[in-house]
Amino acid sequence: MTEKTLTFQAAMEELELILGKLDSEEVNIDSLTVDLQRASELIEWCRSRLETTRVEVERIVTDLEES
């Protein structure tokens, strides 16, 4: 899934999968850094999406209050 088509729900699901791998008793050392890097990217993307949504909601509420 490309970042352009990524949804918040899909990002959270992918993060949960990565967390599951990291929590398992048999962590794959060969893919550990790749998984951690991807998790970092997803977390950053989710934070950005949450901030964008917060700003949009505040704008909508302000517009409603002013009308």
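Yes or no, residue by residue, for (1) modelled with pLDDT of 95 or more; (2) outside any helix (DSSP H, G or I); (3) touching a Phe, Trp or Tyr at 6+ places or on another chain (Cβ under 8 Å); (4) at positive phi:
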{"site": "Thr2", "(1), (2), (3), (4)": "no, yes, no, no"}
{"site": "Leu17", "(1), (2), (3), (4)": "yes, no, no, no"}
{"site": "Leu22", "(1), (2), (3), (4)": "no, no, no, no"}
{"site": "Glu25", "(1), (2), (3), (4)": "no, yes, no, no"}
{"site": "Ser40", "(1), (2), (3), (4)": "yes, no, no, no"}
{"site": "Trp45", "(1), (2), (3), (4)": "yes, no, no, no"}
{"site": "Glu51", "(1), (2), (3), (4)": "yes, no, no, no"}
{"site": "Thr62", "(1), (2), (3), (4)": "yes, no, no, no"}
Residue pairs meeting the criteria (Cβ under 8 Å; at least 6 apart or on separate chains; first under 17 Å from Lys4 (Cβ atoms), in region 40-67; second assigned to a helix (DSSP H, G or I) and acidic (Asp, Glu)): Leu42/Glu14
Could you list, ordered by first residue, the pairs with Cβ atoms under 7 Å in which the first is in region 7-35 and closer than 30 Å to Thr52 by Cα and the second is outside any loop (DSSP other than H, G, I, E, B) and among the aromatic types (Phe, Trp, Tyr), at least 6 apart or interchain? Ala11/Trp45
Residue in region 27-38 that is modelled with the lowest pLDDT, counting only those that are surrounded by fewer than 10 Cβ atoms within 10 Å (Cβ to Cβ) and of a type outside the set (A, V, I, L, M): Asp30
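The values are calculated or read from the model by the stated rules, or taken from the named source; none is laboratory data. Everything quoted here is computed from the prediction, not taken from an experiment. FYI the Cβ positions are ideal-geometry reconstructions off the backbone, even for glycines, and counts take in every protein chain you see.
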